[in-house]
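For reference, the structure discussed in these notes is given below.
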């Protein structure tokens with residue numbers, strides 16, 4: 001079998017897999033997180049209510065990344081928290097909940113970055129700074145100096 005034939009064969013398989021939804025079979029996302037459902041996913045990029053304790057934990061992780069890694073990390077800890085929470089939800093709710101928690105995390109990280117930059121204009125992501133700057137930071141609160 002030639003490479004062209006192999007590629008064509010795989011494309012035919014994918015078309016068959018994707019057409020399962022048209023046959024009334026649930027779609028299985030071969031590239032996504034196991035347990036995530038694309039059925040009736042629509043536009044999953046919307047803020048939805050999430051557990052406040054989990055949202056607080058997400059913000060605390062953003063703070064820890066700023067304090068310990070100067071705003072940079074491997075992302076394993078935040079991924080695990082989001083995954084643990086979303087897997088506790090119904091499959092149809094998981095994409096939007098995951099998106100919401102990621103938005104909360106990134107919003108907090110940006111807010112932290114702006115806070116540090118106000119106190120150290122030369123600072124950039126990953127560059128060390130005096131972490132005592134963060135002593136005056138309040139999660140989720142915008143303060144104008």
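Here are 111, 138: which of them is within 24 Å of residue 50 (Cα to Cα) and not assigned by TED's automatic domain parsing to the domain that holds residue 45?
Values: 111 fails: not assigned by TED's automatic domain parsing to the domain that holds residue 45.
Unique residue meeting the criteria: 138.
Return the residues of region 88-108 that are surrounded by 20 or more Cβ atoms within 10 Å (Cβ to Cβ) and over 12 Å from the mean Cα position of the chain (by Cα); say none if nothing qualifies.
If the condition is that a residue be surrounded by 20 or more Cβ atoms within 10 Å (Cβ to Cβ) and over 12 Å from the mean Cα position of the chain (by Cα), then 108 is the only one that fits.
Which condition breaks for residue 126 when tested against (1) loosely packed, with under 12 Cβ neighbours inside 10 Å; (2) closer than 19 Å to residue 49 by Cβ?
Status for residue 126: all satisfied but (2).
So, in region 36-87, of the ones that are on the phi > 0 side of the Ramachandran plot and exposed (fewer than 15 other Cβ atoms within 10 Å of the Cβ), which residue ends up modelled with the lowest pLDDT?
Taking region 36-87 as the starting set, the residues that turn out to be on the phi > 0 side of the Ramachandran plot are 40, 42, 70-71, 75.
Applying the additional criterion that residues be exposed (fewer than 15 other Cβ atoms within 10 Å of the Cβ) yields 40, 42, 75.
On the way: 40: 61, 42: 66, 75: 88.
In this case the residue turns out to be 40.
The values are calculated or read from the model by the stated rules, or taken from the named source; none is laboratory data. Predicted, not measured: the structure shown is a model, and the values here were computed from it. Every residue, glycine as well, gets a Cβ built from its backbone with ideal geometry; the counts of neighbours run over all protein chains shown.
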